[in-house]
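For reference, the structure is listed below as structure tokens.
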Amino acid sequence: TSRDEALHANNYSDSDYYYEYICTYVDDILAISEDPDAIMKTISDTFTLKDVKGTGEKWETPTAYLGADIGLYRNNKIWCMGAQTYIDGALKTVQNKLKTK
């Protein structure tokens, strides 16, 4: 977008309700789309992608991105991001620091 070079958004349908997003940060890519496999395939045709956790796969359905939880809701139609895992980790860190003093 014009405000953030790491976020690319396109409206590929006749509806104002459908957008396709590609988020990038260093070597992390997140494709939110009706057909994310097509986007990732296009990217992998140009760039070398790492295997996903040694599975041999080049991409998978995301559950996290840059520390944020990600999931599909409402019959797998709406992507949402949350911070629960990040908050839990931050609280645990603070608790551990307080115990050591």
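The values are calculated or read from the model by the stated rules, or taken from the named source; none is laboratory data. What you are looking at is a predicted structure, and each value in this text was computed from that prediction instead of being measured. Counting neighbours? That spans all protein chains shown, and the Cβs are built from the backbone with ideal geometry, glycine included. Surface areas here come from the heavy atoms of the whole protein model, side chains and all, with no ligands, DNA or RNA. Shrake-Rupley method; radii C 1.70, N 1.55, O 1.52, S 1.80 Å.
Answer with yes or no whether Ala68 is touching a strand residue (DSSP E or B) at 6+ places or on another chain (Cβ under 6 Å) and modelled with pLDDT of 80 or more. Spelling it out, Ala68 is indeed touching a strand residue (DSSP E or B) at 6+ places or on another chain (Cβ under 6 Å) and modelled with pLDDT of 80 or more.
Taking the criterion of being of a type in the set (Val, Ile, Thr), over 11 Å from the mean Cα position of the chain (by Cα) and under 20 Å from Glu20 (Cα atoms), the only residue of segment 47-82 that qualifies is Ile78.
Matching residues to (1) touching a strand residue (DSSP E or B) at 6+ places or on another chain (Cβ under 9 Å); (2) of a type in the set (Gly, Ala, Ser); (3) modelled with pLDDT of 90 or more; (4) open to solvent by less than 40 Å² (accessible area, probe 1.4 Å):
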| residue | (1), (2), (3), (4) |
| --- | --- |
| Asp35 | yes, no, no, no |
| Thr55 | no, no, no, no |
| Leu72 | yes, no, no, no |
| Trp79 | yes, no, no, no |
| Thr85 | yes, no, yes, no |
| Asp88 | no, no, yes, no |
| Lys99 | no, no, no, no |
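Taken as a whole, the condition of being small (Gly, Ala, Ser), at pLDDT below 80 and within 23 Å of Tyr86 (Cβ to Cβ) applies to Ala6.
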